[in-house]
Structure formats: structure tokens, C-alpha cells
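Notes follow once the structure below has been shown.
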Amino acid sequence: MHVAVFADIEGSVGIWRMRQCRWGTAEWQYGRHCLTEDVNHVVQGAFEGGADKVTIKDTHETGFNCLIPKLDKRARYIGGHYATPTFFGNIADYDLVLYVAIHAASGTENAFFPHTHYGIFSKVTVNGKPVCEMDLYGAYLGEHGVPVGFVSGEDTAVNQALEALPWAKSVVVSKERDTYTSKENSPDYLRRTRETLKTTAAEAVKQGNDMKPLQLKGPFHIEAVFRKKALADRFNTWDLDQNGAVVSWRADNMIEGFNKLNLLTFFPKKIYKIRRPLLFFSRQVYRFKSSYLAPKANPEDAVLK
Ligand SMILES: [Zn+2]
């Protein structure tokens, strides 16, 4: 079985504030350490559960967050974003996705860094229902035949994901500063929770045949609500239907629906034709920057182990 470990960052064990997720900051450099620990535990669990092959797909912001030299050497690493064959690169060979360190949907109250797909949206709905990233990515992967069988992150994020993917195994992760800064309790919490990431990932892989590709019945009416009308004006270069800050489109299936969301988000009409070389170039730049020009980590008061 070929297992892919998809990595976001907000839901990592050890992360409690936004700056730890912001590309290029010293606090993010600490966040990368946290994420790398999570990913390694999930990779370990995947192999223990019976995976023959594991691929790590880094997805947050630029797509280069994991500390590559510290990753489990048995897994292949893919950073950055793609236009083809899918947004996540070549996924044809994946049997199961384990999604690490997720966050809640845009607009979720009392959630840590809630957003759906990109910070410019205050809400994304499908046929009138607000969705989280696991609805969108889960259905996109699902229509490619790939199930999501594991999620980790804060409780609200996990609950939203499980509504979309009720078969998935899950691990709830604290977003409280105190959890990670107590000399007395933090080491135990880190050890226990990372261990749980490993054992739960192993369970998900063992039960891989019970995991279902998420397939929602189309057609879909998708609405992306921008935080401001000016943002919608700027990003809607494709003349999709627009009413103030709301841009909407119809799609027969989620592959089409998600591709349009990506046109709106990342590929303005002007650059569409050169999107592949542009993404290729930006992958090299971000890989280089995150490897050689990263700041020294600032863990603030976090207990590291
Ligand atoms: Zn993220």
C-alpha cells in the first residue's frame, strides 16, 4: 500500500499561535520542528500499519515547511504546489492519505487560525453548506479514487473533518499555550500525543480497506465569500458570477469545482498559460529559501521534548 502523508501545520502538536505558522518567521522555524515531529510519527505509524511506500506532501503556504533533512529517510518528500496533473501533484499512485495538522473552516468561532483554502475567503459553501478543507480536498482526492483515512488537529477542526469523513481515524491536539510551556506537564503531553499520532496512523493504514474515497453527488453550486469586495474584484479575473464579495460557479463534480477555486485563488488569467513554469520556478526558490535562508528557531517558552 502506498500511503501519502499530507501536511498542513496549524494543527501540529506544539503550535499554539499564528506566528508559528507564518512562513519565514523565527517562530515558524520552531513550528517546522513541531510539524516534522508529527509527520515522522505518522510516517512511522504508516509503516508499522503495513504501508510499503510512504510519500510526504507538504501543503501549507509555500508548501515547504517540514525540515527535510530531519524527515524519516524511508519516505519520499514532495514540497510546493502544482497545476497538473492535480493541485497536489501526481496522486495517481496513492492508496490512502493521512492528513496531519489540519485547522478549522473559515468563520469557525473560537478556533485556531480558521480558514478554508486561503486566507482571502471568509467562507466557502457547496450547495449552500459551509465547508472545511477536508470537504473540499477530501472530495477532490475522493474523485481521484483516493480516501482520506486520518486527521489530526484541534477538536473543532477534527469534528468538522469527521462530519465529511466519518470513517477516518483522528487525533485531537491542544492549541493552548500552557500545554506547551509547562516544564512539569509538557514533556509528557508531547510524548503521549506524538505516540498517539503514530498508533492512530498505524490503525488507519491497517484498516485502509475500510476507508472510502469521499464522493459527493453533483452538480455543485460553489460560493467563495471574500473578506472584502475589493479582494473579489482583484481575484476574479475569470469573470465568474460575482455579487459584491461573493463569487460563485457551477461544477458537475468536485474536480471541476476545486480547479475553478484554484483559478480564482492562484492563477489569474494573465499568468494562466505560464502557470507550470512559474510554479516550477517558485518551488525551486521556496525549497532553497526554506533550506538555506531560514532564520534561527525561536521556540519562545516552549518545552521542546
Ligand atoms: Zn495551513
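The values are calculated or read from the model by the stated rules, or taken from the named source; none is laboratory data. None of the values given here were measured: they were computed from a predicted structure. Backbone-built Cβ (ideal geometry, glycine too); neighbour counts: all protein chains shown. The area values use the complete protein model at the heavy-atom level, side chains included, leaving out ligands, DNA and RNA. Shrake-Rupley method; radii C 1.70, N 1.55, O 1.52, S 1.80 Å.
Per residue, the average separation of C-alpha pairs within less than 8 Å and at least 6 apart gives the chain a relative contact order of 23 percent. Each residue of the stretch 172-178 was assigned a 3J(HN,Hα) from its phi angle through the Karplus curve 6.51 cos²θ - 1.76 cosθ + 1.60 (θ = phi - 60°); the sequence is 8, 10, 5, 10, 8, 3, 4 Hz, with glycine and proline shown as x. When all protein chains stay in place and ligands, DNA and RNA are ignored, the 1.4 Å accessible-area order of VAL54, VAL285, largest first, is VAL285, VAL54. P(r) tail for the chain, what percent of Cα pairs lie past 38 Å? For the chain, the share of Cα pairs beyond 38 Å comes to 9 percent. For the chain, the share of accessible area belonging to carbon and sulfur comes to 51 percent (1.4 Å probe, ligands and nucleic acids excluded). Ranked by solvent-accessible area (1.4 Å probe, protein heavy atoms only, all chains present), the residues HIS115, HIS221 order from largest to smallest as HIS221, HIS115. Couplings 3J(HN,Hα) of the stretch 179-186, computed from phi: 4, 10, 10, 8, 4, 7, 9, 4 Hz, in residue order, whole Hz [Karplus 6.51 cos²θ - 1.76 cosθ + 1.60, θ = phi - 60°; x for Gly and Pro]. A straight chain from SER291 to ILE274 at 0.36 nm per residue would run longer than the Cα-Cα distance by 3.5 nm. Compared with the dominant Cα axis of the chain, that is its longest principal axis, helix 133-143 is turned about 80°. When the surface is traced with a 1.4 Å probe over the full set of protein chains, ARG17 keeps roughly 80 Å² accessible.
Each residue was assigned an accessible area with a 1.4 Å probe, and for ASP93 the value is about 80 Å².
Residues LYS73, LYS212, LYS228 ordered from highest to lowest accessible area at a 1.4 Å probe: LYS73, LYS228, LYS212.
For every other residue with a beta carbon closer than 9 angstrom to the beta carbon of SER248, add +1 if it is Lys or Arg and -1 if Asp or Glu, then tell me the sum. Computed value for this residue: -1. Estimated at the nearest 10 Å², the accessible area of LYS198 is 40 Å² with a 1.4 Å probe.
Subtracting the Cα-Cα distance of LEU231 and ASP301 from 0.36 nm times their residue separation leaves 21.5 nm of extension gain. The Rg/Rh ratio of the stretch 169-305, with both radii computed over alpha carbons and Rh defined as the Kirkwood radius, is 1.09. Summarising the strand pairing of the chain, around 40 percent of its internal DSSP beta bridges are antiparallel. Once backbone amide H atoms are built at 1.01 Å from N, LYS123 has VAL225 as its partners under 5 Å, excluding neighbours fewer than 5 places away on the same chain. Over the stretch 122-223, accessible surface divided per residue gives 45 Å², non-protein components excluded, 1.4 Å probe.
Estimated purely from DSSP H runs of n ≥ 4, each contributing -39500 (n - 2.57), the mean residue ellipticity at 222 nm for the chain is -11500 deg cm²/dmol once divided by its residues. Along each principal axis, taking the top coordinate minus the bottom one, the Cα set of the stretch 14-147 gives 41, 38, 27 Å in descending order. Between the amide H of ALA294 and any residue lying 5 or more places away or on another chain, no distance stays under 5 Å, with hydrogens modeled in the peptide plane. Note on GLN207 and ASP252: their simple-model spin labels are 3.6 nm apart, each label 7 Å out from Cα toward Cβ.
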